[in-house]
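The values are calculated or read from the model by the stated rules, or taken from the named source; none is laboratory data. Source: prediction; values computed, not measured. When we count neighbours, we look across all protein chains shown, and the Cβ atoms used for this are built from the backbone with ideal geometry, even at glycine.
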Amino acid sequence: MSNEAVTETITTNSYERWGKLVKTWATGQSFFLDDPQPITIDRLPVPRTLQEFKDQCSLVGAQVTVPPGVVGLTVVQHSADTLFIRLPPKSLVLKKHEELLASSVGAYPFPPFYERYIHSQKLDPAVKLEIHACRIGDYTISVCG
């Protein structure tokens, strides 16, 4: 099945847990060592298959839902000195998002964690790290087409 046929987006019940998993893959250091049952880096290698991806998400409690039409996985990490532009699938830009946004009234559909933090002032460092993980999680699975 081609990317053009997939019209749903990936969702998660915890942008923070998902973001920590992405940070773990990006750095090679586990962000789950402070959990009640620590998860070490040897259990969280960068996934090479969709099943490995799903298994690791489940392991860390991220509960990521992958649309049924998604059958493959590509993980890309670029260097800081390279401009990396990720293009969304054409079908999502033209069909799903444009039609949905043009036909609806109300707030823009931001992930729910933004509302908790957007007007917060004087956040302690732990909350800032929580927000950082959430934003990385959102950035990684969002298809802003």
- Every residue from the stretch 62-94 that is more than 16 Å from Ile10 (Cβ to Cβ) and assigned to a loop (DSSP other than H, G, I, E, B): Gln77, His78, Ser79, Ala80, Asp81, Thr82, Leu83, Phe84, Ile85, Leu87
- Task: Go through the stretch 30-61 and count every residue that is part of a loop (DSSP other than H, G, I, E, B) and either among the small types (Gly, Ala, Ser) or surrounded by 12 or more Cβ atoms within 10 Å (Cβ to Cβ) (or both).
- Result: 10
- Filter result (modelled with pLDDT of 75 or more, surrounded by 12 or more Cβ atoms within 10 Å (Cβ to Cβ) and not in a helix (DSSP H, G or I)) within the stretch 95-145: Pro111, Leu123, Ser142
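Results for (1) in contact (Cβ under 8 Å) with a residue 24 or more places away in the chain; (2) in contact with a Lys or Arg (Cβ under 6 Å, 6 or more places away or on another chain); (3) more than 24 Å from Val64 (Cα to Cα); (4) not small (Gly, Ala, Ser), shown as yes or no for each residue.
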{"position": "Ser104", "(1), (2), (3), (4)": "no, no, yes, no"}
{"position": "Phe110", "(1), (2), (3), (4)": "no, no, no, yes"}
{"position": "Glu115", "(1), (2), (3), (4)": "no, no, no, yes"}
{"position": "Gln121", "(1), (2), (3), (4)": "no, no, yes, yes"}
{"position": "Asp124", "(1), (2), (3), (4)": "no, no, yes, yes"}
{"position": "Leu129", "(1), (2), (3), (4)": "no, no, no, yes"}
{"position": "Ala133", "(1), (2), (3), (4)": "yes, yes, no, no"}
{"position": "Ile141", "(1), (2), (3), (4)": "yes, no, no, yes"}
- If you check Val46 against the conditions, is it out of contact with any strand residue (DSSP E or B) (no Cβ under 8 Å at 6 or more places or on another chain), modelled with pLDDT of 90 or more and of a type outside the set (Gly, Ala, Ser)? yes
